[in-house]
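This report refers to the structure that appears directly beneath it.
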Amino acid sequence: MDILETNSRYKKSYLANVRSTVPKLLPFLMAVCNYFVLWIPLSEPSWYSALIKCLPIICLEFFIVVHSIGSRKFSSYAKKILLGLAFSAAGDVCLVWPEYFHLGMVMFGLAHILYTIAFGFHPLNIRIFIIFAVFCATFYSLTVSYLSGPFIYMVAGYSMLISTMAWRALSKLVSHDFSWANMSAALGAISFMISDCVLAVDKFCFPFSNARAIVMSTYYEAQMLISLSVIRPTQDDYLWKSR
C-alpha cells in the first residue's frame, strides 16, 4: 500500500512539473512563431532582425532563471547551460551579418564547451566517442574541399567541439542515468548537430531550398531540449526510486 501511495505521489509530482513548465515555455514558443512568421530576409541584416532571431534564446534564459528561482536552487548545471545560451544568443547576433560569421562560430564554440562541461565527463563511454569521432572525421573530409582560408581550421575545430558535446550528452544518457533530463539533453545535442551540418552544407558546399527553415527549426528545438534538461529529479523522486 505504501508503494502504491508513493507511486501516486510521484505521478502527481511529475504532472505538476509538466503543468508548471509549459507556461514558462510560452514566451519561447511565441518568439519562435514570431521568427518564422516575420521571416526577415537574410539580405536585410539589422539590429531588429538580430533581436527577432535571438529572442527565443533570451526567452530560454528567462525560463532557466524562473525555474531555478521557483525550485529555490540555482544549480551549477543550470548556470552553465544559462551561460551557454548567452553565448548562443551572441552567436545568433553575429551570424546576422556575414562579415561576423567567424565571430559567430567562436561564440557557438564557447557555448558547446559550456554544454560539454555541464554534461560532465563521467562515464566516458569510448564506444559512443568512436562513433562521433568517425562521423566528425567523415563529415569534415567531405566538406574540406569546399573550404578556404581560416574556415579550413575553424570548421575542423567547431566539428570537434559539437561532436564532443553530443558524445558527452549521449554517454550520460546511455551509461549513467536514463532520466528525462538526460534524454532531453541528448536529443537536444543530436538536433544541434543536424542543424549545424545542414548549415555547413548550405553555406560552404551547395545551397538548397528550405535549408534555413531546417537549420532554424532544429536549432530552436535543440536549445529548448537542452534548456529543459535543467529540470532534474528532486530528492523525493530519488527516494521513491530507491524504495
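The values are calculated or read from the model by the stated rules, or taken from the named source; none is laboratory data. Here the structure is a predicted model, which means the values were calculated and not measured. Virtual Cβ from ideal backbone geometry, glycine too; neighbours counted across all protein chains shown. Heavy atoms of the whole protein, side chains included, go into the accessibility calculation; ligands, DNA and RNA do not. Shrake-Rupley method; radii C 1.70, N 1.55, O 1.52, S 1.80 Å.
In this structure, LEU29 does not satisfy being assigned to a helix (DSSP H, G or I), surrounded by fewer than 16 Cβ atoms within 10 Å (Cβ to Cβ) and either of a type in the set (S, T, N, Q) or more than 18 Å from the chain's Cα centre (by Cα) (or both). Each residue in segment 107-130 was checked for being open to solvent by 20 Å² or more (accessible area, probe 1.4 Å), part of a helix (DSSP H, G or I) and among the aromatic types (Phe, Trp, Tyr), and 1 of them qualify.
Within segment 60-77, the residues that satisfy the criterion of being open to solvent by less than 20 Å² (accessible area, probe 1.4 Å) and under 23 Å from VAL93 (Cα atoms) are LEU60, PHE63, ILE64. Determine whether segment 97-106 contains at least one residue that is surrounded by fewer than 21 Cβ atoms within 10 Å (Cβ to Cβ), among the charged types (D, E, K, R) and under 17 Å from MET165 (Cβ atoms). Taking every residue of segment 97-106 in turn, none turns out to be surrounded by fewer than 21 Cβ atoms within 10 Å (Cβ to Cβ), among the charged types (D, E, K, R) and under 17 Å from MET165 (Cβ atoms). Beta carbons closer than 8 Å, at least 6 apart along the sequence or on distinct chains, pair a first residue in segment 170-197 that is assigned to a helix (DSSP H, G or I) with a second that is of a type in the set (D, E, K, R) and open to solvent by 10 Å² or more (accessible area, probe 1.4 Å) for ALA181/ARG232; ASN182/LYS172; ALA185/LYS172; ALA186/LYS172; GLY188/GLU221; SER191/GLU221.
Restricting attention to segment 203-233, the residues being farther than 17 Å from ASP92 by Cα and over 9 Å from the mean Cα position of the chain (by Cα) number 13.
In segment 136-168, how many are within 19 Å of the chain's Cα centre (by Cα) and surrounded by fewer than 16 Cβ atoms within 10 Å (Cβ to Cβ)? So the count comes out to 1.
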